Structures are given as C-alpha cells and as structure tokens.
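Please read the structure below before turning to the comments.
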Amino acid sequence: MKKFSAAWTVLIILVCSTVVFASQKQELENKIKYINTTISNKQYHYNLAEKKYITYINNLRDLSAKVQILQKKLNENEANLKKLSSEIDELNKSIDQLTKKLNEEKAKSAKSLKAYYYFYNVEKYFPQGLYYEYMNKKIAHYLQERIKSYMEHQVLLNKQKQELLAKKSSQMKLTKKISEQKNIQIDQKNKMDILAKQASQLKQAYIRDIVNLQRQRNYLQVVLNKVIQEEIKKQEELRRQRELEQAKLLKEKQLKKAQELQKQQQESQMRLENMHTGLRPPVEGVVVDNFGVQTNNVFNVQTRNDGIDIKATSGSPVRSIAKGKVDYVGNLPGLGGVIIINHLNGYYSIYAHVNPNVSKGQMVQEGQIIGHLSGDILHFELRRGSVPVNPLNFINRRYLGG
C-alpha cells in the first residue's frame, strides 16, 4: 500500500510539472510568434525601402546621364562661344587694320591736296580753307573711288561682326539656359542622392533589427527545445511509471487468471484423466479407421493415423467433447474445414471435414454443437500438447459402432 501511494505521488508530481511545462511552452511559443510577426513586418518595410532605394538609384543614374548630356552641350556651346569670340577678335583686327589703311589713305589724300595747293601757288588766288572746300567738291568723286573698296570692306566686316555678335549673344543665352538646366538637374541629383542614402540607411537599420530579432528568436527556440526535451523526459518518466503500474496490475491479473486457469485445468484434467471412457464422441457413427500405424496388405505399405475416422450420416452435428476455447477455425489441405479446441488443461481436440459454426476465441461447453459434417466422415484427433493420443481411450465406445 505504501509503494502504491508513493507511485501515485510521483504521478501527481509529474502531472503538475506537465501543467507548468504547458504554461512555459505557451509563453515561449507566443514570444516566438510575436517575434516572427515583427520580423515579417520589418521585412515588409525593408522591401519597401529596397524598392525606394532602387527607384532613387535609377533616378540618380538617369539624372547623371542628363547632366552628362547637358555638360556635353554646354561644352559644345562654350567651344562655339570661344570660336565666335575668336572670329570676332579676328574681325576686329581686320576692321582696325582696314580703318588704319582708310585713315592713311585719307591723310595721304589730304597731304596730296596740300602739296598741290602749295605747288601751284594757289594761295594767292584762294584762301586755303576755301580752296580745300572747292577742291574737295572737285575731287570728291576721285577720293570716293579711291577709298570705296576700303569702306565697302569695312561695312562688310562690321556687318559680319554684328552677325557674329548676334550669334554670340544667342549662344550665350543658350549656354545660360543649358547651364541653368544643368544646375537644376544637379540640384535634383543631390536631393536624390540624399534620398538614396536615407533609404540605404533605413535598409541597414531594418537589417540590423531583423538580425537582432532572429537572434532573439533562435535563443527562445533553444530555450523552448530545452523545455520540450525536459518535458519529454518527464513524459517518459510518467509513461514508465504508468507502465510499471500497468505491468504490476497486469501481473496481478495474470497471476489471478493463471491461478484460475490452473484450477480449471486441474479440474478439467482430473475429469479427462479420470474419465477415460466417459466422454461422448463428437459424432455418433462407426469407426472406420483406428488410431496408430496400420499395414495395407494390398499395397504392402504402412499408414499412420494420428486420430480416428468416424463414418456418420452426412451433415450430422459435430459436438465438442469437453469444455474449452476455440483456438483455430479454417481450412487445411486434405482435411477441409477444421476446428481446434484448447481444453485449457494441456489437451487439444481436432475436428476435420466439418462446416464450422463457431469462431476463433469462442468458449464452448461439453456437448455443444460446433458444426456439421461436410460429408459422411469425421476425422477426429486428441492431443496432449503436440503429442497425439488415442481418442478411444477417452470416449465411451457405447456410442460408437464397428
């Protein structure tokens, strides 16, 4: 009784520890579930940041390409401006040279008039100023023809200069516009670069958070596994205690059953062993083949029969010779339908060529109908253990003919 109480005490302790384990396990699983949800949320936002980062990088790439294109245009325009400035400088030099030659021609003409004035003593007839005015009218055509080509060339050069200056002004406006566009693109690029860096930093922050959460989850998983392993050990101990209790109960039950069976076997054995000729045969008829070894005079061979063969009316009822348990019901080659009854005392009775109406495991009483003959011959054996014995030593021959 003390041992039984101690075992139940152990079982109660194990059951209580199981309740504690369930609470710990549920708490750890809830924490892991919460961390998994948080990781999923972080991964979702990380994916958003990644998409934004990729968008910013692509925009940066496009803006850089646009800046390069504008820079190329700007360089081309600056080269054109430089070329125009060079051309204007060359025109200015040409205009200066032409103006110088024109002035030289004018001075030369004036000197020639002055020399002519003094050479021909005109001063006594005309005052110098009046003479010049007069002569200027006279030689105006001559002088115009002489310097005409210079003046036309000068006009042409000035016209070309104005055109170049207009081109230069237009080119400068275009250059300014391109420069402004370039500055706008550079400003957008700088802003996009800041956004890309922010997105990258946000990505790194999410990655750090996810890694830390994964470490926490792994730690909790290790703790959970440890708790589960401990619970498995406790469950094994609980199962072992239960098995011990069940084995103990089973052993007591088996002992009790064995004692009852032994008592039944002793009673049945006493009945079988003490009533050698008192049992009714399984079927009433005539014995046509006896137990043991027999010699066939026709074929000069010996045959062995482990039982007896009883000829009876076809379909006659077959009865159990004593109380017992049906161990086998089925068909066997050469024997047809077979029933084997364990009489629980070391003896087995075998009935062949029978259509059974009992099932395996069924308990039968002495004289109970267990089937009917499938023909007109019953092969009947009686064995002690596996050793066949002569059934006629136990059957009342009064019920058998032959």
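The values are calculated or read from the model by the stated rules, or taken from the named source; none is laboratory data. Just so it is clear, the structure is predicted and the values come from calculations on it, not from any experiment. Counting neighbours? That spans all protein chains shown, and the Cβs are built from the backbone with ideal geometry, glycine included.
Of all residues in the range 189-200, those that are under 36 Å from the mean Cα position of the chain (by Cα) and closer than 11 Å to Asn59 by Cβ total 2.
Are there any strands (runs of 3 or more DSSP E) wholly within the range 302-395 with 2 or more residues that are of a type outside the set (Phe, Trp, Tyr) and farther than 13 Å from Pro281 by Cα, and if so which?
Numbers: elements: 308-311, 317-319, 324-332, 336-342, 347-352, 354-356, 369-373, 377-384, 387-389.
Passing ranges, in order: 324-332, 336-342, 354-356, 369-373, 377-384, 387-389.
Does Ile186 meet the test of being of a type outside the set (S, T, N, Q) and under 29 Å from the mean Cα position of the chain (by Cα)? The answer is no for Ile186. Residues of the range 306-325 that are within 20 Å of Asn396 (Cα to Cα) and of a type in the set (S, T, N, Q): Thr313, Ser316, Ser320. The residues on offer are Gly307, Gly324, Gly334, and the sole one that is more than 60 Å from the chain's Cα centre (by Cα) and surrounded by fewer than 19 Cβ atoms within 10 Å (Cβ to Cβ) is Gly334.
So for the range 365-374 (the condition being under 60 Å from the mean Cα position of the chain (by Cα) and not aromatic (Phe, Trp, Tyr)), does at least one residue qualify?
No.
Restricting the first member to the range 155-175 and to residues that are closer than 12 Å to Glu87 by Cβ, and the second to residues that are assigned to a helix (DSSP H, G or I) and small (Gly, Ala, Ser), the beta-carbon pairs closer than 7 Å and six or more apart or on different chains are Leu157/Ser94; Lys168/Ser85. Restricting attention to the range 189-220, which residues are closer than 30 Å to Leu28 by Cα and of a type in the set (Asp, Glu)? The answer is Asp209, and nothing else.
For Asn59, the test of being in a helix (DSSP H, G or I), assigned by TED's automatic domain parsing to the domain that holds Lys161 and more than 30 Å from Gln201 (Cβ to Cβ) is failed.
For the range 24-79, the tally of residues that are among the hydroxyl-bearing types (Ser, Thr, Tyr) and within 16 Å of Gln214 (Cβ to Cβ) stands at 6. Being among the acidic types (Asp, Glu) and touching an Asp or Glu at 6+ places or on another chain (Cβ under 7 Å) is a property that Asp327 lacks.
Which members of the range 70-92 meet the condition of being exposed (fewer than 12 other Cβ atoms within 10 Å of the Cβ) and closer than 11 Å to Lys161 by Cβ? Correct list: Asp89 only.
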